[in-house]
Each structure stands twice: as C-alpha cells, then as structure tokens.
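Worksheet: the structure to be examined is printed underneath.
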Amino acid sequence: MATGTTGPAGGTGTNAPGRARIQARHLRTDRWWLSPAVTVAILSAFIVYSTWRAFANDDYFAEPYVSPFYSPCLASKCDSMPMSANAPLFGDWWGMSPALLILIFPLGFRLTCYYYRKAYYRGFWASPSACAVPEPRGKYTGETRFPLIMQNIHRYFFYFAAVVAVILSWDVLIAFRDEHGAWGHMGLGTLVLLANVLLIWAYTLSCHSCRHIVGGKLKHFSEHPVRYRFWGFVSRLNGRHMELAWASLFSVALADLYVYLVASNAFDDPRFF
Amino acid sequence: MSYKADFRIWRGDVDGGELRDFKVEVNEGEVVLDIIHRLQATQAPDLAVRWNCKAGKCGSCSAEINGRPRLLCMTRMSTFAPEEVVTVTPMRTFPVIRDLVTDVSFNYAKARQVPSFTPPADLKPGEYRMQQVDVERSQEFRKCIECFLCQNTCHVIRDFEDNKAAFSGPRFLMRIAELDMHPLDVADRQKAAQEEHGLGLCNITKCCTDVCPENIHITDNALIPMKERVADRKYDPLVWLGNKIRRRGSGD
C-alpha cells in the first residue's frame, strides 16, 4: 500500500525543489519533544524562582551564611554581613535589590554559555527542537546578527564568573564560623554552600571559553607544556559541561533556598560542631 | 529468532514519490541494510540504494530511519520492537536521485572551496617536522568517513535551502578546524571560516555530533574552538590589542 503520494517538490525546507517529496514534516517516532520540554520546564522554574528571590531583597543572610544570589553586595543598602566580600561600588543611590547588580554576571555567563545556548535554542526557540525536526520559521541567520552575535562575548562573562566564584569561595570559608563569628564550626549550611561552590567552580572551569583561553588557542602544544596540561584538565571537565551546567544551576538555587529558610526562621540550621 | 517486520520505504524520484509498505523477514543479528537487500531480492528488485562496505566505514548508505539520520548498515534491527513500523527515507537535505539515493554533490562542491594544507613557503616536502602532541588534536577529525549525515541533519541547510550558498556545513567547518589546528598550516583559516564558510550561522545545537557514526565531537572539538578563534580575531578587543602590542599572531 502506498501512502503520502505527492508530485514534484516545490516548497521550502525539506520540501525544497529537488528533494524527496514527503508530506510529513518529520518522521521521528521517538519522544524527541521530551528533552526540550524538560529544558523549558526547568529553566522556566529557575527563572521564576530567581526573579522572585532577586527582587525580594530580604532573608538573604543568616550568620554565617550568605545567599549566592546576594554575594557580593555592591550597594550600600545591604544587611550587615560581617566578613563578607562586599564592595558598595554603587553607593546609596541604588534603591533596588542589590542582587540585581551581581546576578547579571552569572546570568550573562549562563545565557551565552555554549551548552545553555543549545538548550534554549532547542527548548524555547525550536531552532531546532530536535535533530531532523524542522524549524517553524522561514528565515534563519544564526549568530551572525544582533542580538545573537553578542554570544561572542561569552569569554568576558567567563572572566566575571571566575571572580564571582572566588567570592563565593570566600563565603564558604566564612561559613566555617558559628552564628557569633567564632571559627572552627560547621553546620549543614556550610556543606550546602561548599557543595554549591564546588559545582560552580567545576562548571566555570569546564567552560569552552576557558578551554580556549588556557590552551585551546595554541597551535603548538609542545612549546607550552604547562598550558597543555591545563588544557587537558579543562578538556576533561569540558566533557561534563552539560551535567555541570545543570548541577550548578540546581545547587545555586538550593543554596539560596537554604539561606532563605534559615534567615526567615522557617528552619534551624543543624550544627555539626 | 525470525519475524516479519513492517517496513515503509520511500520510492520515487525528483518528480514525486511515496512511502510504500512492505512486510519482510528479519533474522537475528541483522541490520537495516540487510532488510533492504532482502527487499531487493524478493519484492522490489528495482529499489535503489547506495551502499558499499556494510561495515560503517565507507559512508555510502546514509539515509533516514524513523526520521533519524543514520547509516543503514550500522542500525541494528534489534533496536526496534518487532511490532514497530520501520520507515526508511532518503536524506532530506539533498536532492533525490531515486528511492534511497540522493545527490550529495553539494558536499563535493563545498570541499573544493576549502584550500588544501598550506605549509610554510620555505618548507619543502621531506622537511616537515612536528610533535605528536601538536597533531593529535586534529587527528580525531580524520576519522570522518564522509557519510554526510552531519550535513544532512544540520538545520542551517536542512530547513533553509537559501543558506546552502553561504554555509559549508559541519563536515567542512571541521575540515577547516583540522587545518587551523595543524602545526604547519599557515593559511588564514579563521577569516575564511567566518566570512566564506558561514561559521556564524552555526548555533551549536549539536545535531551533527549526535548523528556522527564515528562519534567525532564535531561541536565541542571543532566548531566551538573555531568560534573561539574567530572571536579572538573579530570580537575580542583585548586579544586584538594584546596581539598589536606584542606583535604576535595567533599561530603560537
């Protein structure tokens, strides 16, 4: 029995002139839609949560824990956070949440990240939703025009993200104090922040731009043995970039949620010693 | 274990065609190409299919199976449930010749546009010396069997015929990356990649990597490094300034 009988191709896309004339837009029978759907669901949930927390401007510090959404504080109107790496560069005039000043850097880092680009191009823009599933648009210019040509500044966001990771590492260090500021203590919050910063570092260092900067740009590895070793290390991490992107996204949200719960007295931080 | 499988095969040519249904015997250990050959032997002697090595090394039997670009000879029947209908069509990015055979000359035209290996002018054949560590990165790309499944699945040309003139596709951008990473190649591959071969059109959605039967990390190891090298040249003022001050090129 024959199905889908058609004449010569004369359309666009996979029905462009000369190509095999097949009526179906695609013939995939697997659940190709599942991955982009999950991506959209998780990223949307994160956007909603982080927007709420970024604008909340409250419950982001519970001695000795600082929420990663609010560190460092670049405005004057912040909670008193002893020993935190705050720098009131924006002074008094900034009246909105200080989180908005700092979140732009990790947001830009993830927005221009090569992995997240794949994820949201597929999930949100259907460009394409899945391999061999056609796009729903008639024209495509890729990353050749504004605004998508700005994806090329990913390396600058990497530099800022590395600075933020250093500051978050400091936040973990000062979390080895108790609520009175005495050193040599650890609570569950310390472990939460520590796990988060390890994942943040792994994600940041596994970045494709980092891989290029440390050694990928070289033509002669043999003349730069130290950079070659760095490149090899980053390349191994880079192979897990997708997993690290998701894991660090979850961890940063969970770290903030933990601080929020402790700061709002919804939860008592268990102290180990 | 043998069973009768339901196959739908696209039959036709440039003037039109259709998906035709067949019921055909499948035996344990067989691949889709075996079934196509059995169809030729028993029910459709004029069914056109391009194949050669039947070992996943010649890159001839590229097609689409249940909508996914794959090699017919490397797709085991055991990956399908016995009751599953298996649909086989030609690659949908290239002009069809007949049945499962397409005209892939687009790729040969693009290949000719990539200048070959260009050693320094003062280096004669026989004088080439290089360290293994300097060449091994690009050796991954030489595993390519030119099946053109990556070209077929790339949405830049699959969904937009107009882009074929400006975009060479992942296979040839990978070839450019291979040459750009070669320790003795001195041609300006980065400018060519962006301005002549359409690297900026790639939005790194990784379908080329997903379908590669040789498991070459096309996106992570070729396309993204090339994008970063182009960013050095075109979009990074600090690198540009650094190269000006130190009078150093990108070939160190």
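Would you kindly compute the Cα radius of gyration of the protein assembly as shown and its largest Cα-Cα separation (Dmax), both in Å?
When restricted to Cα atoms, the protein assembly as shown yields Rg and Dmax of 27.1, 86 Å.
With point charges of +1 on the Cβ of Lys and Arg and -1 on the Cβ of Asp and Glu, referenced to the Cα centre of chain A, which listed residue (A:A247, A:C113, A:V133) lies farthest in the positive direction of the dipole?
The listed residue farthest towards the positive side: A:V133.
Go through B:V239, A:V66 and list them by solvent-accessible area, largest first, probe radius 1.4 Å.
Largest accessible area first, the residues go B:V239, A:V66.
To the nearest 10 degrees, how steep is helix A:241-263 against the longest Cα principal axis of chain A, on a 0 to 90 scale?
Around 40 degrees separate the two axes.
Can you run phi through the Karplus equation (6.51, -1.76, 1.60; θ = phi - 60°) for segment A:59-65 and list ³J(HN,Hα) in whole Hz, with x for Gly and Pro?
6, 10, 9, 9, 2, x, 9
Over 31 Å between C-alpha atoms is what I'm after, so list which of B:K164/B:K244; A:K77/A:K118; B:K110/B:K206; B:K124/B:K191 land there.
B:K164/B:K244; A:K77/A:K118
For segment B:86-95, in order, what is each residue's ³J(HN,Hα) by Karplus, 6.51 cos²θ - 1.76 cosθ + 1.60 with θ = phi - 60°, in whole Hz (x at glycine and Pro)?
Along segment B:86-95, the couplings run 9, 9, 10, 10, x, 4, 9, 9, 10, x Hz.
Strictly under 4.7 angstrom between C-beta atoms: which cysteines of chain A have no such partner?
By the Cβ distance rule, which asks for a partner under 4.7 Å, the isolated cysteines are A:C113.
Which value, in debye to the nearest 20, gives the size of the charge dipole of segment B:146-252 about its Cα centre, when Lys and Arg are +1 and Asp and Glu are -1 at the Cβ?
Result for segment B:146-252 is approximately 500 debye, rounded to the nearest 20.
Roughly how tilted is helix B:224-234, in degrees to the nearest 10 and between 0 and 90, from the longest Cα axis of chain B?
40
To the nearest 20 debye, what charge dipole does segment A:59-153 have about its Cα centre, counting +1 at the Cβ of each Lys and Arg and -1 at the Cβ of each Asp and Glu?
680
Aspartates and glutamates within cross-link reach of B:K23: Cα-Cα under 12 Å, excluding same-chain residues under 8 positions apart?
Within the straight-line limit of under 12 Å, B:K23 reaches these aspartates and glutamates: B:D6, B:E83, B:E84.
I need the phi-derived Karplus couplings for segment A:123-133: 6.51 cos²θ - 1.76 cosθ + 1.60, θ = phi - 60°, integer Hz, Gly and Pro marked x.
Once rounded to whole Hz, the list reads x, 8, 9, 6, 10, x, 5, 7, 5, 6, 10.
With the dipole of the protein assembly as shown worked out from charges on the C-beta (+1 for Lys and Arg, -1 for Asp and Glu) around the Cα centre, which of A:M83, B:I35, B:F106 lies farthest toward the positive end?
Going by the Cα projections, it comes out as B:F106.
If a cysteine in chain B has no other Cys Cβ under 4.7 Å from its own Cβ, put it on the list, ordered by number.
So, B:C61, B:C73, B:C144, B:C147, B:C154, B:C202, B:C212.
What is the angle, in °, between the Cα long axis of helix B:32-42 and the longest principal axis of the Cα atoms in chain B? Nearest 10 is fine, range 0 to 90.
Rounded to the nearest ten degrees, it is 40.
Running a GNM on chain B with Cα contacts under 10 Å, which residue among B:R68, B:R112, B:R158 ends up with the highest mean-square fluctuation?
Greatest mean-square fluctuation among the candidates belongs to B:R112.
The values are calculated or read from the model by the stated rules, or taken from the named source; none is laboratory data. All figures in this text were calculated on a predicted structure; none of them were measured in a lab. A quick note on method: Cβ atoms are made from the backbone with ideal geometry, for glycine too, and the neighbour counts reach across all protein chains shown. The accessibility values were calculated without ligands, DNA or RNA, using every heavy atom of the protein model including side chains. Shrake-Rupley method; radii C 1.70, N 1.55, O 1.52, S 1.80 Å.
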